[in-house]
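Trainee: Attaching a single structure in structure tokens format; questions to follow.
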Number of protein chains: 2
Amino acid sequence: MDRTPFHNEFVKSRIRGREDDVLLMKQFMRGGGVYGSELKTQGFSGYLTELLIINYGSFEKTVKAASSWKPGKKIDIMQHSELEHSEPLVMVDPTDPRRNVAAALSLDKFCMFIDHCREFLKSPEVKFFFPEFPLPIEDKEFFEKMESRKTSQLAIVFETPDVVDDVLYPQLYKMEQAAASLINEYDFSVIKTGVWSGENETVIMLELISATLPNLKKRIGPPVWVREHAEKFKAKYEGAENVFGGYIEDGKYVFEVQRKYTTAKGLFEEQLVNSSLGKQVHQSVSKGFEVLEDADICRLKDQSFRVFLRKWV
Amino acid sequence: MDRTPFHNEFVKSRIRGREDDVLLMKQFMRGGGVYGSELKTQGFSGYLTELLIINYGSFEKTVKAASSWKPGKKIDIMQHSELEHSEPLVMVDPTDPRRNVAAALSLDKFCMFIDHCREFLKSPEVKFFFPEFPLPIEDKEFFEKMESRKTSQLAIVFETPDVVDDVLYPQLYKMEQAAASLINEYDFSVIKTGVWSGENETVIMLELISATLPNLKKRIGPPVWVREHAEKFKAKYEGAENVFGGYIEDGKYVFEVQRKYTTAKGLFEEQLVNSSLGKQVHQSVSKGFEVLEDADICRLKDQSFRVFLRKWV
């Protein structure tokens, strides 16, 4: 059902004289990176913005109020709410008491907006509406950043699936989660993850404490006195291939065994396609993907990726 | 008070005809590395061994019984126990109802004995009494082991304090714990720790996942909506020296800050003397110590250390 006519009708009569506040707020939200309710952005829709101005009365009053928002914040202009909602912001639709207009807003975009409002109130400057747009990062700058961070950078690169953004991005965010889970499951440590998608190629970025681990890992067994289990555990590992040694620690059998994946790259190359991925992303990744490490990432020349990369490091 | 005369008297009359079982058991315990109740070994004393044979009747019966022991195992030959004990094995002293003869036995030595008994019962061979004594490891063999494990080896070396073993070893075990705590506190990961002490030099060994960490670490702050705390946290890090960047993640402010110690060696060099160490060990460490890494450990030529090192890797 297209709700637009009902929304337009509700807004039209109430927004008169506040059109500039709405325009100002939309640009302010763009400046904070939180405008747009597509599944890529998970931010504020135009209708939500209009309702905020109607509810609070002006741009300034909205900014002041939002700077003290907490998750669970509920606004119900018509006082006709019929349902409980679990989203960080609940803006009950004035034309439909069961609907949350802010349902698409993620927790982080909700918080980024709060933060943006607070910073603006501290020093109201034009940069909050028109932030400087970062330049694509050059190879040399990227090398310098890597040298100063001394972390491991990984880029999983594959062909961009030919679907609309609202189908693509939820699958990319799912893949981002799946990659992080995989890496943690095999004892690597994620610092952060990110997603970038261009016309031809799509990238899942991961920054790790280290992309390599030693050959051995400890397998800690049952306490020695839990006889049946302990004996079974010992029999499994003692003298087995790829077992370095065994000893008793804190009353438990411990064996030093060969680690299956000593590099994050090797782990992805073997396990990524078995992760839980969305349909189109899975199809594309199955056709082939590449894992670039550190300096190899400079293979990617796309200027919009290079802008993403500047913010990343 | 010297209890020896009472112990001798109790044992003498009851051990007749079982002297060989006692000798056999002591050698069996030596073979398993659990004989000796000094604070270095934390194993079975001679008196405890004699009481085990008296209680169970023979070497073989003791071995069979011990293979099913559980921590909290209590033996009270005179049925006159007066106190609760928390040690893994409680052998109530027949000449003193308040005393646990096995008070010095550690959980791991208790478990090693259980394991030794089980293995012996599976295949009763002479090696359980006279195990092969390992040869000192050569540099080349140590390099090969390091290459196959791909972990980081650290040796903290200092002059052996001039005190008896019963004073020294508890302090060394304390230092071993302190070193492991320090390393974990600063985000490094310990695989195992060990202690070796010779006439001139003493060594605390540590095997780590990695002896280096990246320059940055994440500081995760309060949720953005906990306004006062969140603003304080942000003010502390934003634009501060040695801060790489900040963002919002899962509703919380996160800043990437400079890590204080990026090498385990640097951490020890600066913080070890501030750790909780025993008196004589602290004095010796304060006079000076050295942290050897990986191949540098071959600087230590002591043949008894090299035997320790063979078992270590």
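Trainee: In the stretch A:210-223, is there at least one residue being of a type outside the set (A, V, I, L, M, F, W, C), more than 30 Å from B:Lys218 (Cα to Cα) and more than 8 Å from every other protein chain (Cβ to nearest Cβ)?
Mentor: Yes, some residue in the stretch A:210-223 is of a type outside the set (A, V, I, L, M, F, W, C), more than 30 Å from B:Lys218 (Cα to Cα) and more than 8 Å from every other protein chain (Cβ to nearest Cβ).
Trainee: For B:Pro5, which of the numbered conditions (1) surrounded by fewer than 21 Cβ atoms within 10 Å (Cβ to Cβ); (2) modelled with pLDDT of 95 or more fails to hold?
Mentor: Single failed check for B:Pro5: (2).
Yes or no, residue by residue, for (1) closer than 26 Å to A:Ser189 by Cβ; (2) not charged (D, E, K, R):
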| residue | (1), (2) |
| --- | --- |
| A:Asn242 | yes, yes |
| A:Arg259 | yes, no |
| A:Lys265 | yes, no |
| A:Lys279 | no, no |
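Trainee: Is it the case that some residue within the stretch B:25-39 is more than 19 Å from A:Gly251 (Cα to Cα), modelled with pLDDT of 95 or more and among the β-branched types (Val, Ile, Thr)?
Mentor: Looking for residues that are more than 19 Å from A:Gly251 (Cα to Cα), modelled with pLDDT of 95 or more and among the β-branched types (Val, Ile, Thr), one finds none in the stretch B:25-39, hence no.
Trainee: Just one of the numbered conditions (1) surrounded by 15 or more Cβ atoms within 10 Å (Cβ to Cβ); (2) over 26 Å from A:Val307 (Cβ atoms); (3) at pLDDT 95 or above is not true of A:Ser81; which one?
Mentor: (3)
Trainee: Provide a single number: the residues in the stretch A:264-287 that are surrounded by 16 or more Cβ atoms within 10 Å (Cβ to Cβ) and of a type in the set (Gly, Ala, Ser).
Mentor: 4
Trainee: Select from the stretch B:132-167 the residues that are exposed (fewer than 14 other Cβ atoms within 10 Å of the Cβ), touching a Lys or Arg at 6+ places or on another chain (Cβ under 9 Å) and of a type outside the set (Asp, Glu) and list them in ascending order.
Mentor: B:Pro134, B:Leu135
Trainee: Answer with yes or no whether A:Val291 is within 30 Å of B:Asp294 (Cβ to Cβ), in the same structural domain as A:Ile156 (by TED's automatic domain parsing), at pLDDT 95 or above and of a type in the set (Val, Ile, Thr).
Mentor: Yes: the conditions hold for A:Val291.
Trainee: Hey, among the residues in the stretch A:97-111 that are away from every other protein chain (no Cβ under 14 Å) and of a type in the set (Lys, Arg), which one's surrounded by the fewest Cβ atoms within 10 Å (Cβ to Cβ)?
Mentor: A:Arg98
Trainee: Okay, next question. Condition first: part of a loop (DSSP other than H, G, I, E, B), at positive phi, out of contact with any Phe, Trp or Tyr (no Cβ under 8 Å at 6 or more places or on another chain) and touching a residue at least 12 places away in the same chain (Cβ under 8 Å). Can you find one or more residues in the stretch B:25-35 that meet it?
Mentor: Within the stretch B:25-35, one or more residues are part of a loop (DSSP other than H, G, I, E, B), at positive phi, out of contact with any Phe, Trp or Tyr (no Cβ under 8 Å at 6 or more places or on another chain) and touching a residue at least 12 places away in the same chain (Cβ under 8 Å).
Trainee: Now for a different question. For the stretch A:97-115, which residues satisfy the criterion of being under 15 Å from A:Phe28 (Cα atoms) and either outside the structural domain of A:Lys73 (by TED's automatic domain parsing) or over 17 Å from the mean Cα position of the chain (by Cα) (or both)?
Mentor: Passing the criteria: A:Ile114, A:Asp115.
Trainee: Taking the stretch A:196-220 only, how many residues are within 26 Å of A:Met175 (Cβ to Cβ), among the charged types (D, E, K, R) and buried (at least 16 other Cβ atoms within 10 Å of the Cβ)?
Mentor: Residues flagged as within 26 Å of A:Met175 (Cβ to Cβ), among the charged types (D, E, K, R) and buried (at least 16 other Cβ atoms within 10 Å of the Cβ) within the stretch A:196-220 amount to 2.
Trainee: Just checking, which of B:Ile114, B:Ile77, B:Ile137 is assigned to a loop (DSSP other than H, G, I, E, B), within 14 Å of chain A (Cβ to nearest Cβ) and of a type in the set (Val, Ile, Thr)?
Mentor: Exactly one of B:Ile114, B:Ile77, B:Ile137 is assigned to a loop (DSSP other than H, G, I, E, B), within 14 Å of chain A (Cβ to nearest Cβ) and of a type in the set (Val, Ile, Thr), namely B:Ile137.
Trainee: If you don't mind, another one. In the stretch A:47-60, is there at least one residue being within 14 Å of another protein chain (Cβ to nearest Cβ), surrounded by 17 or more Cβ atoms within 10 Å (Cβ to Cβ) and free of Cβ contacts under 8 Å to residues at least 24 places away in the same chain?
Mentor: no
Trainee: Of all residues in the stretch A:9-25, count the ones that are farther than 20 Å from A:Ala65 by Cβ and surrounded by 13 or more Cβ atoms within 10 Å (Cβ to Cβ).
Mentor: Qualifying residue count for the region: 1.
Trainee: Now for a separate question. Can you tell me which residue within the stretch A:117-134, out of those that are facing chain B (nearest Cβ under 10 Å) and of a type outside the set (Asp, Glu), is nearest to the chain's Cα centre (by Cα)?
Mentor: Residue satisfying both the conditions and the ranking: A:Arg118.
Trainee: Please identify the pairs in which a residue from the stretch B:63-77 that is assigned by TED's automatic domain parsing to the domain that holds B:Pro94 has its Cβ atom under 7 Å from the Cβ atom of a residue that is of a type in the set (Lys, Arg), counting only partners at least 6 apart or on another chain.
Mentor: Taking only residues 6 or more apart or on different chains, the pairs are B:Ser67/B:Arg118; B:Ser68/A:Arg227.
Trainee: For the stretch B:229-255, name all the residues that are charged (D, E, K, R) and away from chain A (no Cβ under 11 Å).
Mentor: B:Lys232, B:Lys236, B:Glu241, listed by residue number.
Trainee: Among the candidates A:Arg149, A:Arg118, single out the residue that is out of contact with any Ser or Thr (no Cβ under 6 Å at 6 or more places or on another chain) and closer than 24 Å to B:Val257 by Cα.
Mentor: Selected residue: A:Arg149, the only one of A:Arg149, A:Arg118 that is out of contact with any Ser or Thr (no Cβ under 6 Å at 6 or more places or on another chain) and closer than 24 Å to B:Val257 by Cα.
Trainee: Can you tell me which condition B:Val126 does not meet? The list is (1) surrounded by fewer than 20 Cβ atoms within 10 Å (Cβ to Cβ); (2) over 21 Å from B:Lys26 (Cβ atoms), and all the others hold.
Mentor: (2)
Trainee: Being of a type in the set (Ser, Thr, Tyr) and touching a strand residue (DSSP E or B) at 6+ places or on another chain (Cβ under 8 Å) is the filter; apply it to the stretch B:221-263 and report the residue that is surrounded by the most Cβ atoms within 10 Å (Cβ to Cβ).
Mentor: Per the criteria, the residue is B:Tyr253.
Trainee: For the stretch A:37-67, name all the residues that are among the charged types (D, E, K, R) and closer than 14 Å to A:Asp93 by Cβ.
Mentor: A:Glu50
The values are calculated or read from the model by the stated rules, or taken from the named source; none is laboratory data. Please read these numbers as outputs of a predicted model, since none were measured by experiment. Note that we place each Cβ from the backbone using ideal geometry, even for glycine, and neighbour counts take in every protein chain shown.
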